[in-house]
Every structure is written in C-alpha cells, then in structure tokens.
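The values are calculated or read from the model by the stated rules, or taken from the named source; none is laboratory data. What you see is a predicted model; the values in this text were computed from it and never measured. Neighbour counts run over all protein chains shown; Cβ positions are idealised from the backbone, glycine included. We work out accessible area using only protein heavy atoms, side chains counted, and drop any ligands, DNA or RNA first. Shrake-Rupley method; radii C 1.70, N 1.55, O 1.52, S 1.80 Å.
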Amino acid sequence: AALVLLSGSAAAVVAWKWLSKRRIQKKMEEARRTRDEGLKKMAKAVQQFREQVPSVQTDVILSLPLLELSEKLQEGSLSPKTVLYTYLEKALEVTQQTNCLRHFIPECEEQLQEIQRQREKGLLYGIPVSIKDHIGHKGHLATCGLVQCLGTPMQEDSVLVKVLKRQGAIPFAMTNVPQSLFSYDCSNPIFGQTLNPLNHQKSPGGSSGGEGALIAGGGSILGIGSDIGGSIRLPSSFCGLCGLKPTADRLSVWCTHLLDTDVCSCPTPVPCALGPMARDVDSLALCMKALLCQEMFRLDPTVPPIPFNEEVYSSSAPLRVGYYDTDGYFPLPPCMRRAVQETREALQAAGHQMVPFSPPRIHYVMKLFLKTFFADGGRAWLDVFTGNIVDPSLKSQVNSCKIPRLGKKLLALILKPLQFLLLLLKLKNVAMISTCRSVKEMWNHHHEIQAYRTEFITRWMELQLDVVLCPVLGPAFNTGYPGKLLNAVSSTMLYNVLNFPAGVVPVSTVTEADEEELKLYRGCCNDPWDRTLKQAVTGAVGLPVAVQCVALPWQEELCLRFMKEVETLSRQR
C-alpha cells in the first residue's frame, strides 16, 4: 500500500510539473503571438500611409541627423506623420533582420494627433523615439525577458515617457532585452536572440541590446536605455553608437520596472540610471536638454531640479583630461587600447592637457559590484526564473549560483592545483564571495562602497582633472560569448559603483592589423578567460571601436561636451 501511495504521489508530481511547464509554454507562445500581431498592424499602417503618400523621400529623411530633422519638423518643412511612418517602415525592416523589436506601440498614432493639438512645440516635436522593454508605457508589458512579467500591463506611463510625450516625442516601439536584464548579451526564452545589424554573427550587447540594434540599423533616431553595469555603454560600443549613462536620479526612473536592482536583497548602493542612445553626441545633448525640464521635476520630486547647462556643453575651453588604456583587471583587445591612445594624441594636439591616471583597486571594486547583486548568494535572482526557464546565455551564472556554499568550497579545494583555478575564482566571485551573511555585513558593504568613492574622488581632485578618457569593452562579441565573460565588464562597471556620468563615443574601426595583433593577445597570463575573450572578438574587421568619457557626479553637460570634442576629433582623422 505504501509503495502504491508513493508511486501515485510521484506520478502526481510529474503530472503537476508537466502542466506547469505547459502553462509557461502557452504564456510564452501568447506573448510571441501578441508581438507578431502588433508588427503586422505596424506593417499595415505603413502600407496605408505609403498608398496615401507614395512620394516620400525615405532615404533623405533617414539620413538626417537628429538636430537637422528636429529643425525641419519645427519649421514645418517635414510633417511628424511622414517622419513617423518612415521610421516605422525602417524599424520593420531592421527587426526582420535582427529581431530587435519586442513590441510596436500602436498608441503612437494617438500621440501623433496629440502633439498637433499642443499649443507649443516641444524640443522633441515629431521625433519618433524607441524605448527599452522595461521602461513603463501605459497598456504595455514590461517583461524583462521573464515569464513572470507576462501578466499585467503597466497602469500608467513612466515619468520619463510622460516627459518625452510632453516634449512632443512619439514613442513608437519597445525593444528586446536579455532575460532578467542581468547580461550584456540580448537573448531571452520568450522573444529570442537579437543580432548586431553590422554583423549578424555578433551580439548587439546588452542589456539595452534591442535599442542598440534598432538605432544602429537605422530604425530609430533616438532611444532610451538603462545602465547598471554598462547596459547603455556596451551596446553603444558594440553597435557604433553614442550613449550616455547619467548620474543615477538625474533622470527619473519612476514607473520603470527595475529588475536590474530587484535582484539585490537589500537597498542597492549601485543604482540604475536611464539615459539616451543615438548616432551622435548632439542628439544625446538635445534629449537631455528636453528631459531636464520643469515637467520632470514636477512629476518626480526626487529628481534634483537642475536644468541642462547649455553654457557648459557649448564651452570650448581646454580641458585637463586624465587617461588610462587599461584598468589592470581585465586586459581588453589591442584595438580598444589603440583607440584610447589615438584619442589621447588627438586631444593633446588640440590643446587639452593630458594627465596619466590609474583607477585604484579594480579587483576590489569588482568584488563590491558583484556583492551588491548577489548579497544573498543569488537566491533572489534565481527566484525570477519561473519554471526554471533559463536562457542559454545565463546558464553558467545561474548554475554557479545554485551550487551550495559548501560545494563551492570543496570544488575550490579539489581544483586548486589545476589550471582552472582562475575560472573557478571567477565563479566564486559571482556566487560565494559575494554573500552578505548578516545585516552588519550588509551595512559594512555599503560603507565600503562609499569609502571607495571618496578615495577615487580624492585622487581625481588631487590631479585637478576635469574629465577622464578610458577604454570600454569591445569590439562586438560573437553571439553566445557575453555570458561566458561576466567579469569583462570592469571597464563600465566601475562608473556604476562610483555613480559618475559616463558616455561612449565610436572613434575608429577594427583593422586587419588589429586582427593580426589579436593573434598575439595573451591578456593577463593566457588563462581560459583570456583565451575566451580572444575567441569572442575575432572576426571584427570593420566593426566600430569606441572609447569611454567620464565626469564627476551631476556633470552630464561636461561629460557630453568632452564626448563631443572626442567625436569631432575622431571625424577629422
């Protein structure tokens, strides 16, 4: 009887698991079907417009920089309707090639009517804007690539979307993201892998990878991403765009599904920041100028009421620039160091004062960063994977979090003599060393981050720096590789821990000589991680190479001004 009861219980468990998995699969299928139906509606709307206005000069409109496009919309020589449908058509083409769109926003047609009723034209009047998946838009899901987020649409627009609309912008599409947002690839089990439009064998980066792919492919002229470890800057680097991570809270994050920070079991000392992505620096500046308005300060009183300082952005005074081409933690490919060196030389020739700078203790900062998000050993993060549905790009991180603490200690002991020690230590960084085992330890962790910020700022001030020039991870990785190299984000992660504004500017492309030099790359000691990086970036000839520009907190205008200088000099070479 006991055996029969046991067998029956086992059968019931198996049946329950099967039914649960089937329900999850149905949810995912329904989400994909809704996405596809939305894209069909989008294509139908474009076709109807084409029939009504067959003589649109599509290529001319798509080639206009944002400032020129804005000028033509403001003066009335281009209509918002023509521009919107031109970009809708191009976005459909780009997503067919790259799978970058998560959802079409049909309410864009209502917003088109609304801006024509507004008494004054906003700074972004008639500009089509794409937004990252988790930035709240009323009536639409913020999925974060997770099954558990497929249920309830957002009840209202996020503050940022409200301000975009008040300034006359037209949000028209939501873009794809990696599962849980905690990745710099762009793949999830619901909507699949997004590809880099410049090379379909490459990743667009993440977690704002859908934005990167759509803008780089020409399907959007301005996008809004988010960044907590490099999620604006890495897609910008991989896709050849300009992207700005502001100081957290310079722009509102209200009504944005911040799963980036939800994975931490305590109030996070490394906050998420929303910021713009575009083809040039002037576009970023216009976006920031539009967003930093009284409407944002009214809707979100937690945002400091600091309007955009045009005088700082427009200044031509020489800068005192700190620089480094390696952080001493994760050696980047030769082309990324070349980009910093060439940019340094160009800045010096242009009259700027260049000062060698070395960021302190990056190994220690990486530990602080990971401890922020895995303070509970990764348990809160593991909970978001409903039904154990995990994207292949995240499986190594998820599996390392699942290993019990005792198991990790035993593995470290057994494998210590072997060459895989470094690899294991990286896993331990993610899932064991990062645990806060008491409230006191958690508060100590917060204090350690604050103490590091003080140390870094003190060094900056002693050298009397205005800004810093440094490398960013790149060029674009082959698909599937970002998940194997979590620790490679040290170049961007540093400025999330510090909460400094940081932007990325493309300055060059990978050459045949770079590819040859890569063959000699050994990294720190030619360990498995170094060899994996080498494999990740091979085959990148012709792809963008970028640098990173950094300023002190709340100095976004100075950061953008420096980015503009770097962009101008790179175009002169």
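Side notes on the structure shown:
- Selected residue (criterion: most open to solvent (accessible area, probe 1.4 Å)) from residues of the stretch 460-482 that are more than 27 Å from PRO334 (Cβ to Cβ) and assigned to a helix (DSSP H, G or I): GLU462
- When LEU112, LEU66, LEU160 are checked against the criterion of being of a type in the set (A, V, I, L, M), closer than 21 Å to LEU39 by Cα and touching a residue at least 12 places away in the same chain (Cβ under 8 Å), a single residue qualifies: LEU112.
- Within the stretch 430-446, the presence of at least one residue that is of a type in the set (S, T, N, Q) and open to solvent by less than 10 Å² (accessible area, probe 1.4 Å) is confirmed.
- Condition broken by PRO54, with the remaining ones in (1) over 26 Å from ASN176 (Cα atoms); (2) in a helix (DSSP H, G or I) satisfied: (2)
- Residues satisfying the stated conditions in the stretch 163-219, i.e. farther than 22 Å from ARG32 by Cα, open to solvent by less than 10 Å² (accessible area, probe 1.4 Å) and in a helix (DSSP H, G or I): VAL163, LEU164, ILE215
- Residue that is nearest to SER70 (Cα to Cα), among those in the stretch 110-161 that are among the hydroxyl-bearing types (Ser, Thr, Tyr) and open to solvent by less than 10 Å² (accessible area, probe 1.4 Å): SER130
- The stretch 531-555 residues that are within 13 Å of TYR481 (Cα to Cα), paired with ones that are open to solvent by 10 Å² or more (accessible area, probe 1.4 Å) and in a strand (DSSP E or B) (beta carbon under 6 Å, 6 or more apart): ALA536/ASN478
- Condition check for GLY192: under 23 Å from PRO482 (Cα atoms), at pLDDT 95 or above and in the same structural domain as GLU110 (by the TED database): yes
- Within the stretch 34-72, the set of residues being touching a strand residue (DSSP E or B) at 6+ places or on another chain (Cβ under 7 Å), of a type outside the set (Lys, Arg) and open to solvent by 20 Å² or more (accessible area, probe 1.4 Å) comprises just one member, LEU39.
- Qualifying residue in the stretch 404-416 (condition: modelled with pLDDT of 85 or more and in contact with a Lys or Arg (Cβ under 8 Å, 6 or more places away or on another chain)): no
- If the condition is being of a type in the set (A, V, I, L, M, F, W, C) and touching a Phe, Trp or Tyr at 6+ places or on another chain (Cβ under 8 Å), then the stretch 200-246 contributes ILE221, LEU234, PHE238.
- Single unsatisfied condition, VAL390 versus (1) under 25 Å from the mean Cα position of the chain (by Cα); (2) modelled with pLDDT of 65 or more; (3) not in a loop (DSSP other than H, G, I, E, B): (3)
- Contacts under 6 angstrom Cβ, first residue in the stretch 217-243 being in contact (Cβ under 8 Å) with a residue 24 or more places away in the chain, partner of a type in the set (Asp, Glu) and open to solvent by 10 Å² or more (accessible area, probe 1.4 Å), 6 or more apart: CYS242/ASP280
- Filter pass, PHE562 being at negative phi, of a type in the set (Phe, Trp, Tyr) and either assigned to a loop (DSSP other than H, G, I, E, B) or in the same structural domain as LEU291 (by the TED database) (or both): no
- Search result, residues across the stretch 17-26 that are touching a residue at least 12 places away in the same chain (Cβ under 8 Å), open to solvent by less than 100 Å² (accessible area, probe 1.4 Å) and not hydroxyl-bearing (Ser, Thr, Tyr): ILE24
- Residue check for PRO528: open to solvent by 10 Å² or more (accessible area, probe 1.4 Å) and in contact with a Leu (Cβ under 6 Å, 6 or more places away or on another chain): yes
- Counting only helices (runs of 4 or more DSSP H) that sit wholly inside the stretch 315-383, those with at least 2 residues that are at pLDDT below 95 are 362-373, 379-383.
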